[in-house]
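The values are calculated or read from the model by the stated rules, or taken from the named source; none is laboratory data. Fair warning: this is a prediction, and the values are worked out from it, not measured in the lab. Every residue, glycine among them, receives a Cβ derived from its backbone with ideal geometry; neighbour counts consider all protein chains shown.
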Amino acid sequence: MTKRNFWLQGILLTAFSLFFRITNIGYRAWLSGKIGPEGMGLYQLIFSVFMLTVTLSTSGISLAVTRMVTAAIAAGRRETVRSVVTKCFLFCLTLSCTISFLLLTFSDFAAGVILGRMDAAPSLRILALGLPFMSLCTCMKGYFLAVDEALSTSVSDAMEQILTIFAAVLLFHVFAPQSIEAACFAAMLASTFGETVSFTTGWLLYRRSLRKNTPKQKEKGRGVLHGMFHIAVPCTLSSAARSLLATAENLLIPRELGRSGLDASAAMAAYGLLQGMAMPMLFFPSSFLSSFAFLLIPRMAKAFELGQRDHVARITEKALHAALLFGIFCAGVFFTFGGDWGRAFYQNTEAGGYLKILAPLVPLLYLDVVVDSLLKGLDEQLNSMKYNFSDSFLRVILILLCMRFYGMRAYIAILFFSSIFNAALSVRRLLQVSQVHIRTVRSVLLPGVFSGFAAALTRGILTPCTFSGIPRILLQTALCGAFYLAMLALSAALQNRREDTKIRLPSV
């Protein structure tokens, strides 16, 4: 992939990602208005159980397909690509259908014993039907990334998002579900419909791509099962363990909040405010990073396979610097204007309050998005999985030990601890493998000062303004970003001038 194509695809993927995040937050805001914080809590719990089966069906598949197809293309063996992807399809279909059958069979058990809501069983059953489609879409996603057509994935995802929301609105309008469980079922039915549409769109794009990127003559791809077991299976097992812990964490939070003194409804509402409302807003700006981080995987994999250590180090250093600059800016925006974000999206000040409290974590969370992609490109996915598993395990233990005594304050403290712990391990490993160093003053201290000053200056200027809602947060972010970029540019110009002065000094 040329540098021009990389930036063009990155920009277009970012536009799609922003569309997904904006529509997702808008959809959640609309849904929360229909079912309230307690309903959002149940919605999140159902999805947390379902995500365990999704992890078992999809984790590591995309990376394995990307690595194997990239290797075939780099070796000049394009005639084997069809065979490689077909074998991956069969692997995915077998695995996902098995897991889908198990979820259908044990949905009553999962709803009654795990969730404590027997009425949630129909939601789990309807979600189970979409598992094979999700798994095959993941396989195609890995292929599209390997052949530099990542936009095809975004097109199918966009169709899924639009039709999921349309179907949900239609179901609520026609059937007007009266209970929380019925409302969740309608939302899950719309989600499964969206997955079906996504697969259909992706399959049509995949068939067209094969005609363009592979020759008519075919050869049998070798080593596919070995590749799947080397990359996908370890990732799946590790991700499954982590997903199991994440599911346990999501189930424990409302229970432990209840033990801290809240009644069941209040505990579910508090959980829904944090996980169903605040966290999606917190990760919303990461769209700008995730698209480029996604495209870095094949670039890093190719440079690593060819032994281009200098190129690996250069990409790593630039990616980490960009992630820190962006994360620190977003932290300043959330900390200063979090209340406005909560009111704009959810008409809820508590969600905005959580956003302000968690703002210092943003640089670490966004950095982890980039570090995870870089480690995957360097064949370090197992180490990344180990760090994530350790992080999840510690969180579950700390939730059991602390939340019943200190409630939501304990969980927020646990989030801070786990984010720092995970980032420290992941970044340390990446720096070791890539042999680069983070320039603390240039990438952390100065951006932190600039972000705080830009946010304070923006607040002072906009205080007299009386308008609110999304126009206000857009203006706040744009003005704050302009000040921040100006200060970064001035700092870079001064640094370049100092370096030029040193070069021109006559030697003694």
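Residues that are of a type in the set (S, T, N, Q) and surrounded by fewer than 21 Cβ atoms within 10 Å (Cβ to Cβ) within region 18-57 comprise Thr23, Asn24, Ser48, listed in sequence order.
Condition check for Ala150 on (1) at pLDDT below 80; (2) more than 21 Å from the chain's Cα centre (by Cα); (3) farther than 24 Å from Cys97 by Cα: one failure, at (2). Among the residues of region 149-200, those identified as within 24 Å of Ile297 (Cα to Cα) and β-branched (Val, Ile, Thr) are Thr153, Val155. Within region 57-78, the set of residues being farther than 12 Å from Gly142 by Cα, assigned to a helix (DSSP H, G or I) and out of contact with any Ser or Thr (no Cβ under 7 Å at 6 or more places or on another chain) comprises Ala71, Ile73, Ala74.
From the list Gly448, Gly469, Gly452, Gly481, which one is small (Gly, Ala, Ser), modelled with pLDDT under 85, surrounded by 11 or more Cβ atoms within 10 Å (Cβ to Cβ) and closer than 24 Å to Met281 by Cα? Of the residues listed, the single one that is small (Gly, Ala, Ser), modelled with pLDDT under 85, surrounded by 11 or more Cβ atoms within 10 Å (Cβ to Cβ) and closer than 24 Å to Met281 by Cα is Gly469.
Taking the options Leu445, Leu474, Leu462, name whichever one is in contact (Cβ under 8 Å) with a residue 12 or more places away in the chain, farther than 29 Å from Val65 by Cα and of a type outside the set (D, E, K, R).
Leu462
Scanning region 71-121 for residues being under 28 Å from the mean Cα position of the chain (by Cα) and polar (S, T, N, Q) gives a total of 6. Just one of the listed residues (Tyr411, Tyr406) is more than 27 Å from the chain's Cα centre (by Cα) and touching a residue at least 40 places away in the same chain (Cβ under 8 Å), and it is Tyr406. Among the residues of region 251-295, just one is surrounded by 19 or more Cβ atoms within 10 Å (Cβ to Cβ), within 12 Å of Gly41 (Cα to Cα) and either touching a His at 6+ places or on another chain (Cβ under 7 Å) or among the polar types (S, T, N, Q) (or both), namely Gln275. The number of residues in region 5-17 that are within 15 Å of the chain's Cα centre (by Cα) and either under 23 Å from Gly130 (Cβ atoms) or surrounded by fewer than 16 Cβ atoms within 10 Å (Cβ to Cβ) (or both) comes to 2. The set of residues in region 384-418 being of a type in the set (Phe, Trp, Tyr) and at pLDDT below 90 consists of Tyr387, Phe389, Phe393, Phe405, Tyr406, Tyr411. With a requirement of 1 or more residues that are buried (at least 20 other Cβ atoms within 10 Å of the Cβ) and in contact with an Asp or Glu (Cβ under 6 Å, 6 or more places away or on another chain), the helices (runs of 4 or more DSSP H) lying completely within region 341-439 that satisfy it span 381-434.
Here Pro363 meets each of (1) modelled with pLDDT of 80 or more; (2) closer than 16 Å to Thr477 by Cβ with one exception, condition (2).
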